[in-house]
Amino acid sequence: MTAPVYDVAILGGGIVGCAIARELTRYRLRLVLLEKECEVGFGTSKSNSGIIHAGHHSGPDTLKGPLEWAGNRKWDVLHEELDFGFERIGELMVAWDAEQVEILEKYKKRGEDRGVPGLEIWDRDRVRREEPSLSRDIIAALHAPTAGVVNPYEVCFSLIDSARHNGLEIRVETTVTGVAAVEGGLRVDTDRGAVAARYVVNAAGLFADRIAAAAGAGDFRIRPRKGEEYLLDKRLRGLVRRIIFPCPTATSKGVLVIPTFDGTIMVGPTANPIDDKGDLSTSSEGSDEVFDQVRRTVPGISPRDCIAEFAGLRAVADGEDFIIGPSAVKGFINVAGIQSPGLTAAPAIADMVRDILADEGLALSANDDFVPEVPKRVIVSHLDTAAQVALAARDSRYGHICCRCELVTEGEVVDAIHAGAGTLDGIKFRTRAGMGRCQGGFCTWRCMELLSREMGIPIEQVTKRGGGSWLVCRREDLEEGSAA
Ligand SMILES: Cc1cc2nc3c(=O)[nH]c(=O)nc-3n(C[C@H](O)[C@H](O)[C@H](O)COP(=O)(O)OP(=O)(O)OC[C@H]3O[C@@H](n4cnc5c(N)ncnc54)[C@H](O)[C@@H]3O)c2cc1C
């Protein structure tokens, strides 16, 4: 190999890889991010509860603990600079008996020792006043005002837009197949050729163990732990104002009630170990488990209110903690086992990885051209009526409704396509078109036509999420196929 081309190659474009990539663009470095899916954030980072944890959930003797709180504190600045939905709505951890109140006290002390402000135990009356829909059997709750909710996929898109603008090169639909030490650095093999880099950051989520093993850079195992989540109709908006946690057990945070940033209520997740890293199915057992548990907390919730369901897979490493650090292979850094609270911690993980790279010899000189802000998207449903009318008068595309449930216009879908959405899911996660009550019954065809028009491709080449996930085919192809 001749001189390495990239200073750092980041493997995996989940929230962790995107946060690391954006942090490194603050320095004069040649950077590349390799992602196997057609867009960033399409792994576990889009299939989670979207909670920025308050700072007191993970234990003091773990790497997760301090990173949860360090990460939590970075979200306000990120929110100012980038373009994603985020609000600190606070959380309540609720107790049904005296033994559980003792557990709340333990969590309060843990948070206070770490410096988490505002933690307060509320008595039964206060809980009832603040959250009247909660069960009357709840006797106390720990309030944590630092907890928030975020649209996690929007964060990935915005981090990567910022990083790309500041010099990152990104290659999607590129699967890393191996990493080998070569003279002067590392060679990253992919299904689209090799990439040379001085340093490699392995942020490949569920598959970080396979990549580390192939490189001889770690013998840990990642096991998936499935979490099923259920989204409820928007008519339940306001049922609870804060994220509601049951009192946790030694192994689980339990099933939560989450008012999402966009105004739906989400309930879940389950936590079941599985073997298959590709199994994203939901199940009637999962649904029963979730609804049985949340109805104990909020009796007014019913499975009949469910409009959509999905599953995400936590990347659980041996020992249950994050694995972040250099490996036996010079220049190869593992960022693995990033289960919950990985979303919360991601900005702090990015800082930690930057420091590890510097300790390993990467020279960090400031990129004076770094621009932290990205332009904010137009979100028509967030404007008042006068502003909506004025906008539609300037550009009629912002007056054509594309998704009726979520009030998304043609203008916003076109903006999303020009910002990089090349699939139906890309549009959905950038604009919410297809996320409402009819789940795309009305807008799917409109979005497909816009993708075809704006990208200049025939409609049969439009996909749901890249690869072979086409949605329609020509009748002739079907007839030819069945004749063959
Ligand atoms: C149900 C559920 C709920 C959760 N709720 C929360 C929460 O509320 N708050 C919180 O803080 N955390 C939460 N988490 C945890 C959080 O979602 C994860 O910690 C976080 O998303 C991990 O990000 P990541 O970038 O490490 O992984 P990923 O998002 O999985 O990213 C890894 C990327 O690597 C890519 N990749 C894999 N193999 C290869 C390869 N060979 N070549 C190229 N690319 C590759 C993948 O396609 C993927 O995009 C939850 C997790 C689950 C499952």
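Extension gain, ARG241 to ASP351: 0.36 nm times the residue separation minus the Cα-Cα distance gives 36.4 nm. Remark: spin-label model distance GLU112-ASP368 equals 5.0 nm, labels positioned 7 Å along the Cα→Cβ axis.
Arranged by the count of other C-beta atoms within 10 angstrom, fewest first, what order do GLU39, GLU285 take?
Listing GLU39, GLU285 from fewest to most nearby Cβ atoms yields GLU285, GLU39.
Measuring r between the beta carbons of ARG453 and VAL182 and using R0 = 45 Å, the FRET efficiency lands at 0.50. The antiparallel fraction among DSSP beta bridges confined to the chain stands at about 70%. Starting from the Cα gyration tensor of the chain, take the square roots of the eigenvalues, sort them a ≥ b ≥ c, and report rounded, prolate or oblate (rounded when a/c is under 1.5, otherwise prolate if a/b is larger than b/c, else oblate). In terms of gyration-tensor shape, oblate.
Neighbour counting of Cβ atoms within 10 Å sorts the residues ILE20, ILE301, ILE139, fewest neighbours leading, into ILE139, ILE301, ILE20.
When a/c is below 1.5 the answer is rounded, else prolate if a/b is larger than b/c, else oblate, so apply that to region 304-376 with a ≥ b ≥ c taken from the square roots of the Cα gyration tensor eigenvalues. The shape class here is oblate.
Taking 0.36 nm per residue of sequence separation and removing the Cα-Cα distance, the THR385/TRP445 pair yields an extension gain of 18.9 nm.
For the peptides 123-132, 180-189, what is the packing order when you average, over each peptide's residues, the other Cβ atoms within 10 Å and list the highest mean first?
Highest mean packing first, the order is 180-189, 123-132.
Highest mean packing first, where packing is the average number of other Cβ atoms within 10 Å per residue, the peptides 266-279, 375-388 line up as 266-279, 375-388.
Neighbours of GLU228, meaning other residues whose beta-carbon lies under 14 angstrom from its beta-carbon, give a summed charge of -4 when Lys and Arg score +1 and Asp and Glu score -1.
Given Cα pairs under 8 Å that are at least 6 residues apart, what percent is the relative contact order of the chain? Once divided by the residue count of the chain, the mean separation gives 19 percent. Annotation: Cα Rg of region 384-478 relative to the compact-globule expectation 2.2 N^0.38 Å equals 1.12. Each of GLY55, VAL195, GLY14 was scored by the projection of its Cα onto the charge dipole of the chain, and the greatest displacement toward the positive side belongs to GLY55; charges sit on the C-beta of Lys, Arg, Asp and Glu.
Starting from the Cα-Cα distance between GLU87 and GLU460, subtract it from 0.36 nm times their residue separation and give me the gain in nm to one decimal.
130.4 nm is the gain from fully extending GLU87 to GLU460.
Annotation for region 45-62 versus region 234-258: alpha-carbon center distance of 13 Å. Can you tell me the FRET efficiency between VAL77 and ARG394 if r is taken as the Cβ-Cβ distance and R0 is 35 Å, rounded to the nearest 0.05? E(calc), rounded to 0.05, equals 0.65. In summary, the lysines within cross-link reach of LYS253, defined as a Cα separation below 27 angstrom excluding same-chain residues under 8 places away, comprise LYS46, LYS64, LYS74, LYS106, LYS108, LYS109, LYS226, LYS234, LYS277. Placing +1 on the Cβ of every Lys and Arg and -1 on the Cβ of every Asp and Glu, with no other charges, gives region 384-478 a dipole of roughly 220 debye about its Cα centre.
Read-outs: derived from the displayed coordinates by stated rules, not from any lab. Computed from a predicted model, the values in this text were never measured in an experiment. For neighbour counting, all protein chains shown are included, and Cβ atoms are generated from backbone atoms with ideal geometry for every residue, glycine included.
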